[in-house]
Number of protein chains: 2
Amino acid sequence: MSLTEKFDSVTVATKANVYFDGKCVSHGIVLADGTKKSVGVILPATLTFNTGAPEIMEGVAGSCRVRLKGESEWTVYGAGESFNVPANSSFDIEVAGEPYHYVCHFG
Amino acid sequence: MSLTEKFDSVTVATKANVYFDGKCVSHGIVLADGTKKSVGVILPATLTFNTGAPEIMEGVAGSCRVRLKGESEWTVYGAGESFNVPANSSFDIEVAGEPYHYVCHFG
């Protein structure tokens, strides 16, 4: 299991992105090469996110269950595991118990 | 009014700090010179925080009411405004309506 514990030499936005009344909170970061990512946390809840650009969600703590658009089955992802979401799609995510901490990689 | 919209060339921890069941979520950052800060958000709630090191809380969006330990009056702080909390003390903070986004400067 490998996971990203930190990012070095990044620019971080001080204002957070707050979604679903705070059930999801993230901060945007920009890497030295211009790549944009976000670091965030999802509190216990079942939420549906829509994607514009494709996303890779990397878990860094906690776990979640995910159901991509068009799928009937849920899949569990924990820390050190990632899942891909296509562009212009959506996914359901369920977090229970402990918060799920993630890095969202775009593109 | 001036406020810190972003920090450049920092290291950011990918795992958030989650306090009070998620009513407060922050990410720790380390500046190039080793200075530690955090960027966070407080959702609508009334909370009491204890300090170890002295803190300067800088609002970057939203507003809050604050009552330092030993004070009887509440003071309102908005974006671009800061308040100081002594070491080994505490403060009550009330956020209503919109989330309060902040930078916490230590020491």
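Key figures for this structure:
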read-out: Highest-fluctuation residue, B:38, B:89, B:63 considered, GNM on chain B with Cα pairs under 10 Å; value: B:89
read-out: Eligible aspartates and glutamates near residue A:37 by straight Cα distance, threshold 18 Å, same-chain separation 8 or greater; value: A:5, A:8, A:55, A:58, A:81, B:5, B:8
read-out: Exposure proxy ranking, count of Cβ atoms within 10 Å, fewest first, for B:76, B:66, B:12; value: B:76, B:66, B:12
read-out: Global form of the protein assembly as shown, assessed from the alpha-carbon gyration tensor, a/c cut-off 1.5; value: prolate
read-out: Sequence-separation-based contact order of the stretch A:33-106, relative, with Cα cut under 8 Å and 6+ spacing, percent; value: 50 percent
read-out: Too-long pairs where the Cα-Cα distance tops 25 Å, listed order kept, from A:69/B:23; A:36/B:15; A:6/A:69; B:23/B:69; A:23/B:69; value: A:69/B:23; A:6/A:69; A:23/B:69
read-out: Inter-part distance where the stretch A:4-59 and the stretch B:1-59 are each reduced to a Cα centre, Å; value: 15 Å
read-out: Label distances, nm, residue B:71 versus same residue in remaining copies, Cβ-directed 7 Å point; value: 4.9
read-out: Calculated FRET value between residue A:81 and residue B:65, using beta carbons and R₀ = 30 Å, to 0.05; value: 0.15
read-out: Neighbourhood charge, 15 Å Cβ-Cβ cut-off, centred on residue A:100 and excluding it, Lys, Arg +1 and Asp, Glu -1; value: -3
read-out: GluC sites (Glu not before Pro) within chain B: DSSP coil, no more than 13 neighbouring Cβ in 10 Å; value: B:5, B:71, B:73
read-out: Shape of the stretch B:11-106, Cα gyration tensor, a/c cut at 1.5; value: prolate
read-out: Per DSSP, loop trypsin sites (Lys or Arg not before Pro) in the stretch A:1-89 with at most 11 further Cβ within 10 Å; value: none
read-out: Restricting the stretch A:56-106 to chymotrypsin sites (Phe, Trp or Tyr not before Pro) in coil, as DSSP defines it, with at most 10 other Cβ within 10 Å; value: none
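Bear in mind that the values in this text are calculations on the coordinates, not laboratory data. In this text, all values refer to a predicted model and were calculated from it rather than measured experimentally. Counting neighbours? That spans all protein chains shown, and the Cβs are built from the backbone with ideal geometry, glycine included.
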